[in-house]
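Some notes on the structure that comes next.
Every read-out reported here was derived from the displayed coordinates using simple, explicitly stated rules and does not represent laboratory data. Every value quoted in this text rests on a predicted model; they were computed, and no experiment measured them. No Cβ is skipped: glycine too gets one built from the backbone with ideal geometry, and neighbour counts run over all protein chains shown.
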Amino acid sequence: MPIVVTIESTPRRTFATVADWPGWSRSGRMEADALAALAAAADRYAPIAAAAGTSFPGPDERTYEVVDRIEGGAGTDFGVPSRVTDLERRPVGAADATRLAGLLAAAWAAFDRIAAAAPESLRKGPRGGGRDTSKIVQHVVESDQAYAREIGVRVKPFGPDDRAALDAMRAMMLDVLRRPSDGNPLADRKWPLRHAANYITWHALDHAWEIEDRSAPA
């Protein structure tokens with residue numbers, strides 16, 4: 001079966017996102033660029049699926065079908081796949097909710113492992129920009145606290161070194177995402193369950209892969 005993809009685009013940036021594999025979303029200038037980046041990321045995503053105990057399409061099974069194209073916005077231009085798609089508004093059964101939560105848990109574990117193994121100083125961009133490892137970790141932890149609120153999980157602010165608070169927050173977030181959903185936004189806010197799983201997983205993996213890429217020699 002084809003891998004179902006949605007396209008979110010503006011004149012400046014395009015995201016290609018796999019509807020049923022949270023976090024598998026890459027961007028490019030044009031649609032073809034985004035689809036090429038998505039396909040190139042498959043082998044990086046495969047270990048996440050394996051860690052979650054989920055069967056992932058092999059290289060010979062990866063054909064892609066774009067089923068929806070939506071207009072992006074300021075978030076898209078900024079570099080995040082921010083639009084909620086119709087596919088993300090589908091109901092989620094118990095088994096699928098457990099699967100989505102498992103993939104997020106695997107992405108968090110990968111982020112933690114990659115960040116722990118990385119040097120503090122990461123290779124800078126062509127203009128000397130880019131956060132070092134501890135700043136990326138801080139950003140991800142702080143962002144996850146905001147995402148927790150989006151799905152109805154309330155936590156007191158904490159720093160990136162408070163492992164007990166981080167583990168407790170993640171456990172509560174996963175508990176929310178494991179529950180079946182009718183596709184309506186969680187906690188009467190904006191994100192349906194599928195979008196929450198997609199966005200939070202994407203953010204963790206995007207920064208994990210950034211750390212990997214910027215740890216490698218130029």
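Per DSSP helix of 4 or more residues, -39500 (n - 2.57); summed, then divided by the residues of the chain. What does that give at 222 nm, rounded to the nearest 500? Please list the in-between numbers first.
On the way: 7 runs with 105 residues, N = 218.
For the chain, the value works out to -16000 deg cm²/dmol.
Let me know the Rg and Dmax you get for the chain when you use only its Cα atoms, in Å.
Here Rg and the maximum Cα pair distance are 16.7, 47 Å.
Just to be sure I understand the model, the point goes 7 Å from the Cα along the line to the Cβ. What's the resulting D161 to D33 distance in nm?
A separation of 4.0 nm, rounded to one decimal place.
Once both labels are modelled 7 Å past Cα along the beta-carbon direction, what's the D86-K124 spacing in nm?
4.8
Rule-of-thumb check for region 49-118: C-alpha Rg over 2.2 N^0.38 Å?
Working: Rg = 15.5 Å, N = 70, 2.2 N^0.38 = 11.1 Å.
Here the answer is 1.41, to two decimals.
Once you place label points 7 Å from the Cα toward the Cβ at T54 and A171, how far apart are they in nm?
2.3
Under a Cβ-Cβ cut-off of 12 Å, what is the net charge of the residues other than S27 that fall near it, where Lys and Arg count +1 and Asp and Glu count -1?
My count for the surroundings of S27 gives -1.
Sort 159-167, 7-15, 46-54 by the packing proxy (mean of other Cβ within 10 Å over each peptide's residues), most packed first.
Details: 159-167: 13.0, 7-15: 19.1, 46-54: 16.1.
Peptide ranking by packing, descending: 7-15, 46-54, 159-167.
What is the distance in Å between the Cα centroid of region 140-218 and that of region 1-60?
Here the answer is 19 Å between Cα centres.
With a cut-off of 8 Å between alpha carbons and a minimum separation of six or more residues, what is the relative contact order of region 90-215 in percent?
On the way: 143 pairs, mean separation 55.2, N = 126.
Reported relative contact order: 44 percent.
Which aspartates and glutamates, if any, have their Cα less than 17 Å from the Cα of K124, not counting same-chain residues under 8 positions apart?
Within reach: D132, D206, E210, E212, D213.
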